[in-house]
């Protein structure tokens, strides 16, 4: 198995990411850091791990997709796991994915859940991948929104990536676009386990909000909608996808404090599709329209995930050497 870490100016996080890879209970055969044109200390941090088998590849700035493809060209193992340099793996992450793909030889990849964390890597909630069949054709579900999640929690067969000409190199949403390309041809596997920690911070694109995010979401959907059969399902799936786009943009707007936009998007999300992702849409509606004190009381029901995250990761998260 090859572990490919991609980094652009995240040298301050890179050591923690590398340590989490080297601490795997099922160690990767290859570990490569792809430096996507960084101007910080990424090269120096990676060099500290050369004696432990970590290779460093420098590429011109090309974006996350291009960096992942450079990592693919620099490795040869039949299974590949990607890790963004500002994220980290839990120690069982590789073992869980390898076991799942062994049980489901038809599956192109194994996706799993992740902890959403703050900048200090303190878990705040669980972000769930699709909770359903262990392996199956999921193009329709994936078109609505990215149920495979971040590459940091996905283990994938190299043959599947090669079949779709490698990782997408779109400026935004290249991971989702890649999963869609694969889902049109292969079954997708899902593991009901939390395997990664995804850091959300001020530089993270996950906090984008507004109309541009909705347009980017639907542009990716439209790249693949024509492959849906039967054809009558296309308009229904696009409507659901538009609803999900308004939901995610509304959440981004609420996070940055633009509650007027968050309210409009919350209403639009429910009006387009009141059923898919219903609990999350209602939660956004409450956050956008209800007073802060009541939102605080309502959110108590969601704190179990955060408490569980702290309990599970407090013993296992590996910190870089001082």
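The values are calculated or read from the model by the stated rules, or taken from the named source; none is laboratory data. Keep in mind it's a predicted model, so treat the numbers as computed, not measured. A quick note on method: Cβ atoms are made from the backbone with ideal geometry, for glycine too, and the neighbour counts reach across all protein chains shown.
Working carefully through the options 161, 130, find the one that is assigned by TED's automatic domain parsing to the domain that holds residue 69, outside any helix (DSSP H, G or I) and surrounded by fewer than 24 Cβ atoms within 10 Å (Cβ to Cβ).
Values: 161 fails: outside any helix (DSSP H, G or I).
Only one candidate qualifies: 130.
For residue 219, which of the numbered conditions (1) at pLDDT 95 or above; (2) closer than 26 Å to residue 117 by Cα; (3) not in a loop (DSSP other than H, G, I, E, B) fails to hold?
Exception for residue 219: condition (2).
List every residue pair whose Cβ atoms sit under 6 Å apart, with the two residues 6 or more apart in sequence or on different chains, where the first one lies in region 157-171 and is under 14 Å from residue 82 (Cα atoms) and the second, anywhere, is surrounded by fewer than 17 Cβ atoms within 10 Å (Cβ to Cβ).
Listed by first residue and then by second, the contacts come to 158/78.
Here is a yes/no grid of residues against (1) over 25 Å from residue 118 (Cβ atoms); (2) free of Cβ contacts under 8 Å to residues at least 40 places away in the same chain; (3) in the same structural domain as residue 154 (by TED's automatic domain parsing); (4) surrounded by fewer than 20 Cβ atoms within 10 Å (Cβ to Cβ):
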| residue | (1), (2), (3), (4) |
| --- | --- |
| 8 | no, no, yes, no |
| 13 | no, no, yes, no |
| 25 | yes, no, yes, yes |
| 50 | yes, yes, yes, yes |
| 57 | yes, yes, yes, yes |
| 73 | yes, yes, yes, yes |
| 76 | yes, no, yes, yes |
| 81 | no, no, yes, no |
| 89 | no, no, yes, no |
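Checking residue 149 against (1) under 17 Å from residue 6 (Cα atoms); (2) in contact (Cβ under 8 Å) with a residue 60 or more places away in the chain; (3) part of a loop (DSSP other than H, G, I, E, B): exactly one of these is not met. Which one?
Among (1) under 17 Å from residue 6 (Cα atoms); (2) in contact (Cβ under 8 Å) with a residue 60 or more places away in the chain; (3) part of a loop (DSSP other than H, G, I, E, B), the lone unmet condition for residue 149 is (2).
Looking only at region 88-107, decide whether some residue is over 15 Å from the mean Cα position of the chain (by Cα) and within 22 Å of residue 224 (Cβ to Cβ).
yes
Considering only region 171-216, state which residues are modelled with pLDDT under 95 and assigned to a loop (DSSP other than H, G, I, E, B).
Within region 171-216, 171, 172, 173, 200, 201, 202, 203, 204, 208, 209, 210 qualify.
For region 167-176, how many residues are over 12 Å from the mean Cα position of the chain (by Cα) and within 15 Å of residue 154 (Cβ to Cβ)? Explain how you work it out, then say what you get.
Just the residues of region 167-176 that are over 12 Å from the mean Cα position of the chain (by Cα), to begin with: 167-172.
Those left that are additionally within 15 Å of residue 154 (Cβ to Cβ): 167-168.
The qualifying residues number 2.
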